[in-house]
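Quick notes on the structure that follows.
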Amino acid sequence: MLTGWNDIYRMFEAMDVLRNRMNHLLAGLGPDWEEAGSWSGLDGWPRVNIYDTGDAIEILAELPGLSKDDINVRIQGNYLEINGNRKPETPEGYSAHRVERGSASFSRSFTLPVEVDADRAEATLKDGLLTLTLPKSEAAKPKQIAIQ
């Protein structure tokens, strides 16, 4: 039976020691679940922010190490899909000693809060950040109704 706060603190310290030893024992057997930067097998990659600017929907997606040729963006009505592929990076003639950033592919899809005008959509990729600016369709924009 626990007799005080010191016993509770010691119990949590023992649990921390056990967790650290298990992490050390299992290192290298699979993905590091505590490392959110790893994207192999990580649901919800790439990380995305979606903003409503009033006249448009703006989307920011983190895509480090990818070029515009590695990414595909598709819009239909209020449905958006972003997918891509990272190719292996080992230069020709080199041998790899450790490969943690291998080839992988991803696909994310979203139902946007409003329909957008795909013909006026803009996309830029700079420093690993994909920025999509999707103007709202005229039917989705609010209209002011004059009162007679």
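Computed from backbone phi with θ = phi - 60° and the Karplus coefficients 6.51, -1.76 and 1.60, the 3J(HN,Hα) list for the range 112-127 is 6, x, 9, 6, 10, 8, 5, 5, 9, 5, 10, 9, 9, 10, 9, 6 Hz; x is used for glycine and proline.
Calculate how steeply helix 5-26 sits against the longest principal axis of the alpha-carbon atoms of the chain, using the helix alpha-carbon long axis, and give the answer as 0 to 90 degrees to the nearest 10. It is inclined by approximately 80 degrees.
Taking Lys and Arg as +1 and Asp and Glu as -1, the other residues whose beta-carbon sits under 11 Å from that of V73 total +1.
For K68, the lysines whose Cα falls under 16 Å of its own Cα, not counting residues fewer than eight places away in the same chain, are K87, K126. Residues of the chain were split at every exposed loop site, defined as GluC sites (Glu not before Pro) in a DSSP loop with at most 10 other C-beta atoms within 10 angstrom, and the longest piece left, sites excluded, is 36-91. Loop-resident trypsin sites (Lys or Arg not before Pro) (DSSP state other than H, G, I, E or B) in the range 78-126 with no more than 12 further Cβ atoms inside 10 Å of their Cβ: R98.
Largest GNM mean-square fluctuation across T131, T90, T53, computed for the chain with C-alpha springs under 10 Å, falls on T90. Note on the range 66-148: Kirkwood hydrodynamic radius from all Cα pairs is 15.8 Å, rounded to one decimal. Considering the zone a paramagnetic label at Y51 would reach in this model (a point 7 Å from Cα along the Cα-to-Cβ line), which residues of the range 121-148 have amide N under 16 Å from it? In the range 121-148, the label zone of Y51 (backbone N under 16 Å from the point 7 Å along Cα→Cβ) covers 122-126, 129-136. Here the Karplus curve 6.51 cos²θ - 1.76 cosθ + 1.60, taken at θ = phi - 60°, turns the phi angles of the range 57-66 into couplings of 9, 10, 10, 10, 10, 7, 9, x, x, 9 Hz, with x standing for Gly and Pro.
Scanning residues 5 or more positions from L112 or on other chains, those with amide H under 5 Å from its amide H are Y79, L80, with H placed 1.01 Å from N in the peptide plane.
Between the listed residues H24, Y51, S105, the Cα displaced farthest toward the positive end of the dipole of the chain, a dipole computed from Cβ unit charges relative to the Cα centre, is found at H24. Per-residue Karplus couplings for the range 86-95, computed as 6.51 cos²θ - 1.76 cosθ + 1.60 with θ equal to phi - 60°, are listed in order as 9, 8, x, 10, 5, x, 5, x, 9, 10 Hz, Gly and Pro entered as x.
Rule-based calculations on the coordinates, nothing more; no lab input. Keep in mind that this is a model prediction, so the values were computed, not measured. Positions of Cβ are generated from backbone atoms using ideal geometry, with glycine treated the same way; all protein chains shown enter the neighbour counts.
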